[in-house]
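Visitor: Got a structure for you, written out below as C-alpha cells; questions coming shortly.
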Amino acid sequence: MSEHQSLLFLLQVLLLLGLARGCGEVMRRWGYPALIGEMLVGITLGPTLFGRLFPETQQALFPADPLQRTMLETVSWFGVLFLLLETGLEVDLSAAWRQRGPALKVGIIGVLLPLVFGFVLSVGLLPDHYLADPAQRVTFALFLSTTMAISTIAVLARVLRELDLLKSDLGLLTLCGYAVNDVLAWVVFSVLLALTTQAAVTMGSIMFFLLATLVFTAGCLTLGRRAVGHTIDLLTQSLPQQPGAILTFVCCLGLFCGVVTQWIGLNALFGFFLAGIMAGEARALSERTRQIISQMVHALFVPLYFAGVGLQLDFFTNFDLVLVLFVVTVSVVGKFVGAWVGVLGTELSRADRLSVAIAFTPGGMTEIILAKVALEYQIFTAPVFVAIVIAGLTAALLMGPWLAWSIRRRQQVTIAELVLRRAVIPQLHGTTRQAVIAELCQAVAEHENMPDREVLIAAVRAREELMGTGIGDGVAIPHARLDGLTKPVLTFGRSPQGI
C-alpha cells in the first residue's frame, strides 16, 4: 500500500463519516431515521450524482483501484458485523419466551406469511430480466421473499420510545414478536445463503451443515446465554472500575461466534447476531455498557457502512419504477397482513392489533444488509438491490407517522377519572421496586370490589419481570391486566428518596 493510497483512504473515511453523521443527525432532528441521511450521503458522493456532475473528481476521490476499494469495504464490513452485534443486544428472548403464545405466534406468522406471499408473487410475476440467472428463479425468489419478510428492531424501538410506548404492553408484545421474527429470519437467510453458495453440495455436507447450525444456534440460545451471563457477572465483580473489560469481552464474543458460523458455512453476520443475543441476556451487563456499545456502533461503523452502500451503485441507472412498486407493495403488505393474522385471538383491542401490524412493516437497515449480501453473491441484480433499498427507506420513513396515527385512534380517557382517591400516596416508604409495588397494591386492595393484595402484587411483579416499566426522568409505571375489572384503575405514589 502506497502513501497516496493511505492518504486517499483517510480522506474517504473523513468525508463519508463526517458527512454521514452530520446528515444523519439532521434527519433525526427532523423526526426521520438517521439511516436516510447516511444513505443519501453515499448516493450523493457516488456515481448517482457526484459521478454524473463531476466524473473526474469523483474517480479521483473514489477510484476503481481494487486495493483502495477493499480497504474501505473492510471498514464497512466491520461496521455491519458490529451492527448485528448491537441488534442482538436489543433482542430479549427471555421476555419473548415468558410471553410464549402471543410473541411466538406474531413472530413466526409475521415471518412465514410474508415469506410465502413474497415467494409466490416473485416466482409468478417477475420477468426474467430482473434475475441474475433465470434458471435460478426459485433460489432468487426465496432470497427476495426472505429479505422482504424481515423487520428492523432498531427502527421500531426508536419509534416506540418517541411515542412513549416502549414499556407498554403493546410495546412489549411487539418487541417480543420482533425478537422471534429476527432470529427466525436470520436463520432462514443464513441457511439459504450457505446452501446456495457451497461449491459442492452433497447429502452428507447438507446434513453436517444443518446439524452444526442447529447445535450451535441451540447451544448459544440455551447454555451459551447462561455461560456468557456468568462470565459478565464475574468480570463485573472482579473489575468493577473497568467497564472496558466487559466491552472487550463482548466484542471478542462476537468475533468468536463469527468465526464459528463462517467455518460452519453460515455467514459471520449470524454469529455476531447470536453473540449479541447472548450478551444482551446478561443481567450484569449495565445499561451504561450497552449504551457505550450502541454509541460506538452508530457513531463510527453504521454511517460508514450505509454511506458506502450508496457509494457503490448508480441509483438513477438502476432505478426501475415497476420493480420498486412491486417490492414496496409486497414487502409492506406482506408484513402488515402477517402481523395482523399473528395477533388475532390475543387480548389486544382492534386498535392495538392495527398498531402491531403497522409496527412490523419497516425493513430498514436489516433489509438493506441482507440485500447487500445477496448482491455480493450475485443472487440479486443491481436494479433489485436498488428497489429493496428504496423499499426499506420508504417503510422506515412512513412507519413513525403511520403508527402515531393508529395510536391516536385508540379510545381517549381522562386520567383523573381512573385514579383511586384513597390510593394516592404522597410519600412512599419502600426503597426497592418490590417494596413499592407491595405498598401501592395494598392501597388499591383496600377499595371495594378490588382483588386481594397478594393477587395484585403477584400480577404486577410478574409483569415487571417481563420488562421493567421505568420510562426515564424518575418515572415508572408498574401495571398488570386482571380479570374481573370492568375499567382501568390507577394509583399514584411519590418516593422522595428514590427507588
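Visitor: Out of curiosity, is LEU89 at pLDDT below 90, over 18 Å from THR146 (Cα atoms) and outside the structural domain of ALA462 (by TED's automatic domain parsing)?
Guide: Yes; evaluated as a whole, the condition is true for this residue.
Visitor: I've got another one for you. Could you tell me which residue of region 1-15 is surrounded by the most Cβ atoms within 10 Å (Cβ to Cβ), considering only residues that are without any contact (Cβ under 8 Å) to a residue 60 or more places away in the chain, closer than 20 Å to GLY79 by Cα and of a type in the set (A, V, I, L, M)?
Guide: For region 1-15, the residue satisfying everything is LEU15.
Visitor: Which of the residues that make up region 218-230 are free of Cβ contacts under 8 Å to residues at least 40 places away in the same chain and of a type in the set (Val, Ile, Thr)?
Guide: The answer is THR222, and nothing else.
Visitor: Can you tell me which residues in region 462-499 are in contact with a helix residue (DSSP H, G or I) (Cβ under 6 Å, 6 or more places away or on another chain) and part of a helix (DSSP H, G or I)?
Guide: LEU466, the sole residue that qualifies.
Visitor: Looking only at region 256-268, count how many residues are surrounded by fewer than 16 Cβ atoms within 10 Å (Cβ to Cβ) and either free of Cβ contacts under 8 Å to residues at least 12 places away in the same chain or not in a helix (DSSP H, G or I) (or both).
Guide: Selection size over region 256-268: 2.
Visitor: Let me ask something additional. List pairs: first residue in region 387-404 and closer than 24 Å to LEU144 by Cβ, second residue of a type in the set (Gly, Ala, Ser) and at pLDDT 85 or above anywhere in the structure, Cβ distance under 6 angstrom, at least six positions apart or on different chains.
Guide: What qualifies is ILE388/ALA371; ALA391/SER331.
Visitor: Would you confirm whether any residue within region 428-441 is more than 29 Å from SER94 (Cβ to Cβ) and among the polar types (S, T, N, Q)?
Guide: no
Visitor: I've got another one for you. Restricting to region 16-33, name every residue that is surrounded by 23 or more Cβ atoms within 10 Å (Cβ to Cβ) and out of contact with any Asp or Glu (no Cβ under 7 Å at 6 or more places or on another chain).
Guide: Once the filter is applied, which keeps residues that are surrounded by 23 or more Cβ atoms within 10 Å (Cβ to Cβ) and out of contact with any Asp or Glu (no Cβ under 7 Å at 6 or more places or on another chain), region 16-33 yields LEU16, PRO33.
Visitor: Any chance region 287-303 includes a residue that's assigned to a helix (DSSP H, G or I), small (Gly, Ala, Ser) and farther than 15 Å from GLY88 by Cβ?
Guide: Yes - at least one qualifying residue is present in region 287-303.
Visitor: Could you please let me know if MET39 is surrounded by 12 or more Cβ atoms within 10 Å (Cβ to Cβ), modelled with pLDDT of 85 or more and within 18 Å of ILE368 (Cα to Cα)?
Guide: yes
Visitor: How do the pairs read when you match residues in region 74-91 that are closer than 27 Å to ARG283 by Cα with residues anywhere that are of a type in the set (D, E, K, R), using Cβ under 7 Å and keeping only pairs 6 or more apart or on different chains?
Guide: Sorted first by the residue in region 74-91, then by its partner, the pairs are LEU89/ARG290; VAL91/ASP182.
Visitor: Out of all the residues in region 116-125, which are more than 19 Å from ILE150 (Cβ to Cβ) and touching a residue at least 40 places away in the same chain (Cβ under 8 Å)?
Guide: LEU125
Visitor: Then there's this: Could you tell me which of the residues GLY31, GLY51, GLY37 is among the small types (Gly, Ala, Ser), touching a residue at least 24 places away in the same chain (Cβ under 8 Å) and assigned to a helix (DSSP H, G or I)?
Guide: GLY51
Visitor: Next question. Going residue by residue through region 115-125, is there one that turns out to be among the small types (Gly, Ala, Ser) and modelled with pLDDT under 85?
Guide: Residues of region 115-125 that are among the small types (Gly, Ala, Ser), as a first pass: 118, 122, 124.
Keeping just the survivors that are modelled with pLDDT under 85 gives none.
No, there is no match, as no residue in region 115-125 is among the small types (Gly, Ala, Ser) and modelled with pLDDT under 85.
Visitor: Considering only region 446-474, state which residues are of a type in the set (A, V, I, L, M) and over 26 Å from the mean Cα position of the chain (by Cα).
Guide: Hits for region 446-474 are MET450, VAL455, LEU456, ILE457, ALA458, ALA459, VAL460.
Visitor: Another question, if that's okay. From the list VAL328, VAL343, VAL324, VAL297, which residue is in contact with a Lys or Arg (Cβ under 6 Å, 6 or more places away or on another chain) and touching a residue at least 40 places away in the same chain (Cβ under 8 Å)?
Guide: Going through VAL328, VAL343, VAL324, VAL297 in turn, the sole match is VAL343.
The values are calculated or read from the model by the stated rules, or taken from the named source; none is laboratory data. Please read these numbers as outputs of a predicted model, since none were measured by experiment. Reconstructed Cβ throughout: ideal geometry from the backbone, glycine too, with neighbour counts over all protein chains shown.
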